[in-house]
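Trainee: Here you go, one structure.
The values are calculated or read from the model by the stated rules, or taken from the named source; none is laboratory data. All values derive from a computational prediction rather than experimental measurement. Note that each Cβ is placed from the backbone with ideal geometry, even for glycine, and that neighbours are counted across all protein chains shown. Ligands, DNA and RNA are excluded from the accessible area calculation, which covers all protein heavy atoms including side chains. Shrake-Rupley method; radii C 1.70, N 1.55, O 1.52, S 1.80 Å.
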Number of protein chains: 2
Amino acid sequence: MTATQTNLPIDARRIAEIVKGLARITEPDRPYTRRAFTPLFLEGRAFLEEHFRAAGLDTRIDAAGNLIGRRKGRKPALGTIMLGSHSDTVPEGGRFDGIAGVAAALEVARSLADAGIELDHDLEIVDFLAEEVSIFGVSCVGSRGMAGLIPDGWLSRTHDELTLRQGIVEAGGDPSRLPSLKRSDIKAFLELHIEQGPVLEAERLDIGVVTAISGITRIEIIVEGQADHAGTTPMGRRRDALVAASRLVLEIEKLGFAHAAGEGHFTATVGEFEIEPNAANVVPSRARLLIDARAELRSQMEVFISDIEALAARIAEETGVAITPPKVISDNHPTPGDPWVLATLEAACGRVGARHRLMASGAGHDTAWMGRITKAAMIFIPCRDGRSHAPEEWAENDDIALGAAVLFEAVRRLDGQLQEKT
Amino acid sequence: MTATQTNLPIDARRIAEIVKGLARITEPDRPYTRRAFTPLFLEGRAFLEEHFRAAGLDTRIDAAGNLIGRRKGRKPALGTIMLGSHSDTVPEGGRFDGIAGVAAALEVARSLADAGIELDHDLEIVDFLAEEVSIFGVSCVGSRGMAGLIPDGWLSRTHDELTLRQGIVEAGGDPSRLPSLKRSDIKAFLELHIEQGPVLEAERLDIGVVTAISGITRIEIIVEGQADHAGTTPMGRRRDALVAASRLVLEIEKLGFAHAAGEGHFTATVGEFEIEPNAANVVPSRARLLIDARAELRSQMEVFISDIEALAARIAEETGVAITPPKVISDNHPTPGDPWVLATLEAACGRVGARHRLMASGAGHDTAWMGRITKAAMIFIPCRDGRSHAPEEWAENDDIALGAAVLFEAVRRLDGQLQEKT
């Protein structure tokens, strides 16, 4: 079943036009790169704003640098329904991560207009600023800003003599107005995003209705061995930091498998790993590991953190190297999708004939921040081989269009149900 | 037993003066750094040359940039006995590696003069150029040059727009004369060096008589997994290059232990280890390992190399990641010490009352190259905790002096025995 087979007024070609148009706005020698706070990003924004306007939306940049297009409702006092995602990419990223969600949201607005449907609520389409880890080393700048949750000190973060504060100004935002930005008028938020994983494709499903966005906890472990001459130090007299760190990597993977066999989504990855002095003829003296752990269920993450503490102590004892107590660098709790919005999304899937399943998101998303201020939920569409953050990232245009149809249907239902509810 | 307790004319204070004098010639903010081809190295050379001259030696720089001080013998036609080591350091190195050997060699020449002893052979004291891995990425430049074994292409190696050829010129050498440098007049070569390992200290011995300098083989392994999103890719669907590489590290260590339990000296170390993309939220796609393996017995190294090939194939099969066939990057065979010179050194130990053992060197040394053109052997003296290539590297001055006494005695014996032998 594809969108073009439904009777819904989604125009898949217009979605393709947005995706392709943004794909052309990339660093030419390393596609697809359009990082936030770069001239290319602003070029992409100008392209989007033009299409927002052509769709009859009133556009503005809010204090946090988010591009917003508004379609007035009949009863603006009811508040706003918001749809959107982000248009920035990682370096050498893909054409769909975030972008598919912005294109689908815009298409919902256009389809509503084409069909002559007026909503009671205001409808806003948003392109959040800097969802990906940006040049300032932080992510979800725009959605955090909209939720009033930009941490103290972030605005002073610096990259190449540019502060995040100045970066937001260059994107058209106004950091001085951030303290009063927190939105209370948004009654529901929906985001479409590529799955960035292999599940929907493997199960030949159209839509994942996202029950929760996993919490992300980062844990750093430092292993301190001793630098010795690789040729003269007998095997039995070494305190090799790399050998101890390698044991940690294998045990962390085992823990990851054990927790993943439990109830909710769980992953554990050692993504950063460096040794010192990293010289051919020296026994490694130091290793640093950064664990990225994701859990749908907070209780599971808490068990994992204490598992890691016990593991580090055990490996230190068994190998004779020093291991500093694992340090939790960041620790974001899971965000459950709003149950009522989830039910609406499932009903919308049924209406448009999209085969769907419930699933958790292992990746972080703007929806996690929007969930702090409104009823928020998201849907996934399949992507090829589960790949993302890479040039080969791919989603079928018809899959995006079918997702847009689900959003279209959900928005119509929410527009009515939100009034009954209040 | 220390040198000061013997009746030999070694003056330990003069050795200390050389060691301390060179220690003062260091990059002030990262002691002890006096790398070859830097102004500080030439400053150290000037200090040494002054002391060579003050000891009555005729000094010169040979074509390969080695500083040589000569004491004429009564029968120069017999050829030359040479003693020496090197005065360059690694970055943040120590005060004794190489330097102790140059200071001891110079002290032998001075003690012979003090004692009014004339040798039949010419005696030469040498400070080899660039024994440590230099700014050009290569080592043992001077001793290779003296042995006529500088590989093709090395002279064109470049660092910061300086070629090795120019570097040798700046050190006073003459690369155009290198092809005719290979020395045939040297009848014996002796080197004193700190052990750079913990054995002599642990066994409370004065001298290690070095039976062989281990061969050094470097093997590179590349692990190719797949970059996937760390949050969205289920544990069971990954091809994590770091996990596979960690298994390699542990298995390589096991192999190192197994071979070390055999007959000769053996070590295996993964000293260089990097992963890509090394990003917190990405499953590692690539890992590179560089193994440093050292074997006293060539046959053992050959078994190890084939063990590593089998290991890489096995881990690739078990983990599902691709592992390129291990690549031997460099492969230097072991150099046995000259048996006759070794016997002379053992006899000299007995004469001066130095408790000694036979042992192999796990580190490379200039002696390995001198062994290609003459009867060569070396002795080790203890160093604290086996540490070297670090600021805390330490050798007791009396231990250096006792080693110098062994060299003194060995030179006298060689001077007579070499004539009988010819």
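Trainee: Of the residues A:E296, A:E309, A:E302, only one is within 13 Å of chain B (Cβ to nearest Cβ) and open to solvent by 30 Å² or more (accessible area, probe 1.4 Å); which?
Mentor: After applying the criteria, what remains is A:E296.
Trainee: Take A:P234 and decide whether it is open to solvent by 20 Å² or more (accessible area, probe 1.4 Å) and over 30 Å from A:G84 (Cα atoms). Break it down stepwise before answering.
Mentor: Details: open to solvent by 20 Å² or more (accessible area, probe 1.4 Å): yes; over 30 Å from A:G84 (Cα atoms): yes.
Considered against the rule, which asks whether it is open to solvent by 20 Å² or more (accessible area, probe 1.4 Å) and over 30 Å from A:G84 (Cα atoms), A:P234 comes out as yes.
Trainee: Collect the residues in region A:329-353 that are open to solvent by less than 60 Å² (accessible area, probe 1.4 Å), over 18 Å from A:K187 (Cβ atoms) and over 21 Å from the mean Cα position of the chain (by Cα), keeping them in residue-number order.
Mentor: Once the filter is applied, which keeps residues that are open to solvent by less than 60 Å² (accessible area, probe 1.4 Å), over 18 Å from A:K187 (Cβ atoms) and over 21 Å from the mean Cα position of the chain (by Cα), region A:329-353 yields A:C349, A:G350, A:V352, A:G353.
Trainee: Can you pull out every residue in region A:237-273 that is more than 7 Å from every other protein chain (Cβ to nearest Cβ), modelled with pLDDT of 95 or more and under 19 Å from A:S306 (Cβ atoms)?
Mentor: Correct list: A:L248, A:E251, A:I252, A:K254, A:L255, A:A258, A:H259, A:A261, A:F266, A:A268.
Trainee: Checking A:A109 against (1) surrounded by 24 or more Cβ atoms within 10 Å (Cβ to Cβ); (2) part of a helix (DSSP H, G or I), which single condition isn't satisfied?
Mentor: (1)
Trainee: Follow-up. Please go through region B:379-418 and give me each residue that is at positive phi and open to solvent by 10 Å² or more (accessible area, probe 1.4 Å), ordered by number. Break it down stepwise before answering.
Mentor: Here is the first cut: in region B:379-418, the residues at positive phi are B:385-386, B:389.
Within region B:379-418, B:D385, B:H389 meet the criteria.
Trainee: What are the pairs, 6+ residues apart or on separate chains, where a residue within region A:149-161 that is in the same structural domain as A:R183 (by TED's automatic domain parsing) has its Cβ under 8 Å from a residue that is among the charged types (D, E, K, R) and part of a loop (DSSP other than H, G, I, E, B)?
Mentor: Cβ pairs passing all conditions: A:L149/A:R372.
Trainee: Which residues, counting only those in region B:365-393, are away from every other protein chain (no Cβ under 14 Å) and outside any helix (DSSP H, G or I)?
Mentor: Selection gives B:G371, B:R372, B:I373, B:T374, B:K375, B:A376, B:A377, B:I379.
Trainee: Can you report the number of residues in region A:126-135 which are over 12 Å from the mean Cα position of the chain (by Cα) and under 15 Å from A:S330 (Cβ atoms)?
Mentor: So the answer is 0.
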